[in-house]
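These notes concern the structure reproduced below.
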Amino acid sequence: MIEIMDKRLRAARFRDRLAQAMRDTDTTQSALARATAVDRSTISQLLTDDGARLPNAHVVGACATALGVSADWLLGLSDRPESAADLLSASLSVTEAARALVDERIFDWHREAAGYKIRHVPAALPDMLKTRALMEWEYTPHLGRTADQAIGASEDRLEWMRSARSDYEIAMPLYELHSFAHGVGYYQDVPLDIRLEQLDRFHDLTEQLYPRLRIYLFDARRLFSSPLTVFGPLLCVLYVGSNYLAFRDLERVEIFTNHFDRLVREADLTARHLPTHLRHLRAAIA
């Protein structure tokens, strides 16, 4: 809702905030005059004039730039002094994504969100539920001789994540699980014994950890989702292959939370029905 403010009140707020920004940055009137290319008397007038007039847009913008605040904040249109660029930088980060299990960055995000519900759409099958044999099949080509060490470290981190005080909701497309079970597409070279062992692990964990772990399967023909994780109200992380996009502003976290909740709401198979579905899948390929 837009606040309708009396002209004198807005002018008074501008003076107060301009003075505050100058104090915070230890900027003198002379220094601000030089930085904004206006006379020092103009700066003095901006700080002392008790009328209802506001400076023109050029002067407001120049003062905001020189003091490192937003023009909207100086004019009382925003309660955040940061500039739009600073706000975006604080709310969005782009970091490199390692091609390996649970890297330190993901682990740190999980520790930060301990106690909050974590919503997750995996890029393939959820790493935290994979057998060691499947992880070796998937990651050895990328990690080479360090695969065993990396998998061992990841198993320790995943065990911590499973024992943390967080509820997990995982949403994944139906075709992902079916493609894995039948060894097609991405999983075409996975031996049958590894697939059977993995389905058994899925089945056991979904029964043992329910309701703290809930997995939902949605129809990708109706709904689509990029791989993402929502860490409670703290942040949302999108996986785009070689990078993570991490959002920390409440508005975007809420948007992706609502997106995930829709995947759950419209899922074809709920967490309660998943163990039965896994038994049927296993019987079909055994």
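Bear in mind these aren't lab numbers, they're just calculated from the coordinates by the rules spelled out. Bear in mind the structure is a predicted one, so any value in this text is a computation, not a measurement. Glycine gets a Cβ as well: all are built from the backbone with ideal geometry, and neighbour counts include every protein chain shown.
Quick one: putting +1 on the C-beta of Lys and Arg, -1 on the C-beta of Asp and Glu, what dipole do you get for the chain around its Cα centre, in Debye to the nearest 20? About 600 debye.
The angle between the Cα long axis of helix 192-208 and the main principal axis of the chain comes to about 60°, on a 0 to 90 degree scale.
Run the helix sum for the chain: -39,500 (n - 2.57) per DSSP H stretch of 4+ residues, divided by residue count, reported at 222 nm to the nearest 500 deg cm²/dmol. Before the final figure, lay out each step's value.
Working: 13 runs with 150 residues, N = 286.
About -16000 deg cm²/dmol.
Need the full-extension length gain, Ala52 to Leu234, defined as separation in residues times 0.36 nm minus the C-alpha distance. One decimal, nm. That pair, Ala52 and Leu234, stretches by 61.4 nm at full extension.
Close amide H pairs (under 5 Å, H built 1.01 Å from N) link Leu228 with Val121, Tyr239, residues at least 5 positions away or on another chain.
The distance from the alpha carbon centre of segment 119-139 to that of segment 20-53 is 59 Å, rounded to a whole number.
Relative to the longest principal axis of the Cα atoms of the chain, the long axis of helix 250-265 lies at roughly 30 degrees.
Going from the fewest other Cβ atoms within 10 Å to the most, the residues Arg201, Arg262 appear in the order Arg262, Arg201. Placing unit charges on the Cβ atoms of the charged side chains and taking the dipole of the chain about its Cα centre, the candidate lying farthest along the positive direction among Leu143, Ser70, Asn258 is Ser70. Projecting the Cα atoms of Leu209, Leu32, Thr276 onto the dipole axis of the chain, where Lys and Arg carry +1 and Asp and Glu carry -1 at the beta carbon, places Leu32 farthest toward the positive end. Each residue of the chain gets 177 Å³ once the volume of the Cα convex hull is shared out per residue.
Could you line up Lys7, Lys130, Lys117 from fewest to most neighbouring Cβ atoms inside 10 Å? Please list the in-between numbers first.
Values: Lys7 11, Lys130 23, Lys117 16.
Neighbour counts put them in this order, fewest first: Lys7, Lys117, Lys130.
Compute the length gained on full extension between Ala286 and Glu254: take 0.36 nm times their separation in residues and subtract their Cα-Cα distance, giving the result in nm to one decimal. Before the final figure, lay out each step's value.
On the way: separation 32, 0.36 × 32 = 11.52 nm, distance 4.24 nm.
Gain on extension, Ala286 to Glu254, equals 7.3 nm.
What relative contact order, as a whole-number percentage, does segment 90-285 give when Cα pairs under 8 Å and 6 or more residues apart are counted?
Working: 292 pairs, mean separation 60.8, N = 196.
Worked out over segment 90-285, it gives 31 percent.
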